[in-house]
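Just below is one structure, and these are the notes that go with it.
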Amino acid sequence: MVLRKILVGFFVVFYGALSAQQARIQVKLENRTQNNAYQIQYRQIERDLSKMLTSTLNGTTFGRVEKPSLELSYTFSVLEHRNTGIRAALSVGIYKLNSSGYRTLLFRWYEPSLGFTYIPGTPLFFNLNTIQSNLVANAVFFAYVGLGFYADSESINGGTAYFRKADELLTRMQSTSFAGWEMRRGGTSKYRLIYELLNPAYTSIRLFYFQLNSACILMDSKRTAYDQSCIKESLLVIDDQDVLVANSLLLQRIKDAHPKLF
């Protein structure tokens with residue numbers, strides 16, 4: 001019963017954010033706890049939840065998109081599980097798909113500690129005015145971020161509307177007690193990421209990102225090819241003498257997605 005309630009909530013979340021988009025959702029849960037006494041039961045719950053959740057998110061509604069061009073991959077590595085409370089590391093991969101389904105990484109994000117609860121009998125719904133679940137809020141936030149990066153790869157600043165949606169959610173989260181939403185421009189915070197994406201001072205990075213993904217990275221049916229001369233030329237749009245740009249979290253994350261190129 002609890003698992004069914006959770007799945008209903010997740011389906012509502014992603015349906016609201018992605019129903020009009022060409023998106024494929026992948027969800028994986030991994031057990032990283034050290035509780036051996038609970039291990040067998042835990043693995044069964046995780047396998048069941050992962051299978052059911054993935055199936056639900058890729059169900060009938062999303063199945064209408066015959067050839068999705070975006071994939072959002074969520075991996076929850078559970079570190080602690082006590083009663084209804086869970087702490088997990090979350091890795092989010094944003095991929096662009098070609099016509100044959102081959103994928104190229106657009107962006108990756110890592111949350112080292114995400115705390116949330118499963119409340120028995122209570123479905124997890126998303127309402128911007130009354131946010132009750134940190135799990136749902138993070139899922140929606142990264143759905144908007146994923147859509148934004150995909151749109152930015154298709155047109156210059158094409159993802160701005162989605163990044164603003166993520167920013168609106170981030171602002172609303174300030175009225176909650178959930179961790180991970182602090183408005184700080186240092187470190188690797190979600191706030192810093194959105195701040196840089198929407199700040200005109202970092203426009204050159206988004207232009208570079210567009211050129212990189214629209215012209216310099218070439219996808220065929222089975223592999224990704226890189227045009228090194230194109231990448232070198234595209235890097236010229238970035239003013240690496242600008243301290244803000246040179247130390248940008250956004251630029252570092254773009255480079256992390258393609259470590260062999262930089």
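The values are calculated or read from the model by the stated rules, or taken from the named source; none is laboratory data. Keep in mind that this is a model prediction, so the values were computed, not measured. Please note: Cβ atoms are built from the backbone with ideal geometry, for glycine as well, and neighbour counts cover all protein chains shown.
Here are a few things to note about the model shown:
- Segment 70-107 - residue that is basic (Lys, Arg) and closer than 24 Å to Tyr226 by Cβ and, of those, surrounded by the fewest Cβ atoms within 10 Å (Cβ to Cβ): Arg103
- Test: residue in segment 87-97 that is over 17 Å from Val145 (Cβ atoms), at pLDDT 85 or above and out of contact with any Pro (no Cβ under 7 Å at 6 or more places or on another chain): yes
- Reported count of residues in segment 182-213, each being farther than 19 Å from Arg108 by Cβ and in contact (Cβ under 8 Å) with a residue 40 or more places away in the chain, is 4.
- Test set (1) β-branched (Val, Ile, Thr); (2) closer than 25 Å to Ala23 by Cα; (3) under 16 Å from the mean Cα position of the chain (by Cα) - Ile156 fails condition number: (3)
- Top-ranked residue in segment 179-200 [being surrounded by fewer than 18 Cβ atoms within 10 Å (Cβ to Cβ) and touching a Ser or Thr at 6+ places or on another chain (Cβ under 9 Å); ranked as nearest to Asp242 (Cα to Cα)]: Leu198
- Hits in segment 172-200 - residues which are of a type in the set (Lys, Arg) and more than 18 Å from the chain's Cα centre (by Cα): Arg172, Arg184, Arg185
- Where Ala225 falls short, out of the listed (1) surrounded by 14 or more Cβ atoms within 10 Å (Cβ to Cβ); (2) closer than 24 Å to Tyr102 by Cα: (1)
- Segment 220-262, residues that are more than 16 Å from Tyr202 (Cβ to Cβ), of a type outside the set (A, V, I, L, M) and modelled with pLDDT under 80: Asp220, Ser221, Lys222, Arg223, Thr224, Tyr226, Lys260, Phe262
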